[in-house]
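Values quoted throughout were computed directly from the atomic coordinates according to the rules given, and no laboratory measurement underlies them. Just so it is clear, the model here is predicted, and its values are computed rather than measured. Reconstructed Cβ throughout: ideal geometry from the backbone, glycine too, with neighbour counts over all protein chains shown.
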């Protein structure tokens, strides 16, 4: 069934992005072949590319559901309007993160929190610069934390999303410990905690959506890499997700990579639509020049999945997407698109204590 939807979606997407017959001839067979391959085998068959998540050590505890923020009423240790590096202890090692406190922060008002994950080989500081989320935080009164990944076997920083080159740390535990620490230090609304990420960091948000949806309200990824989640993806509730991806991405190809173990992005989206109980086909809500916006509706608990397909965009986090169409210019700001999506989805009350 998913092959029919994947081929139909791929055909529509390519046609809307280009009238070039040669492009259509090349791209469609690739997507169809990828879809056929991924439908015949389980992601878990890629045992040579995936490993199990690090086991939880004795004394380590995952806090999978919302907790009250005890940081309300405490003076901020970081000057409002600034960012600073901090450290915590998690999984037997010291872990660091960068945190930005908004200019108008008040310790008596519970703020939204966004976790923003960097890509493979990058850093928390680079992610802050790349995404512009700290400026967004100052404008909309949001606390933003940029977790720092550790160095893996390939001597690059990253997140444990499955591939062997990635670190073997228990990053889900790290996120749990980080949230506990942040909520004990600052005044954070436990129903307004979100996760976003780029590339391997987008893959980390995918892992959290599968494993940690009881604590994080909604998720976003840009040019995300989505290898099979060890143990499978079994979220405890329908998950809101927004994703942006370019058709010219050679690092995390839109059509997937069998060698790297990345599924085609249309298939990955279809799988989330299946988990959330959405309508099988998305509706186009935006189409100008090389940008198409798709939305899956009819999902359980009124969540939605949104995807922006950006023609000719390479592997990047675009702060601003310029769309020129019929003599008019439209600017789409990625950080604002994500924040607008997040605002629609507080964590369901049934999960709060």
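General remarks:
- Under the shape rule built on the C-alpha gyration tensor, where the axes satisfy a ≥ b ≥ c, region 241-353 is oblate, since a/c reaches at least 1.5 while a/b does not exceed b/c.
- Computed over region 203-247, Cα set: Rg, Dmax in Å: 10.4, 33
- The mean sequence distance of close C-alpha pairs (under 8 Å, at least 6 residues apart), as a share of the length of region 129-205, puts its relative contact order at 19 percent.
- Set of region 216-242 residues, backbone N closer than 19 Å to the point 7 Å along the Cα-Cβ line of residue 67: 216-217
- Measuring between their Cα centroids, region 78-114 and region 60-75 lie 13 Å from each other.
- If R0 is 51 Å, the Cβ-Cβ spacing of residue 60 and residue 109 corresponds to a FRET efficiency of close to 0.95.
- Centroid-to-centroid separation of region 194-218 and region 290-348 [C-alpha atoms, Å]: 17
- Segment residue 93-residue 74, length gained on full extension (0.36 nm per residue, minus Cα span): 4.2 nm
- Contour excess over end-to-end distance, with Cα ends at residue 248 and residue 301 and 0.36 nm allotted per residue: 15.7 nm
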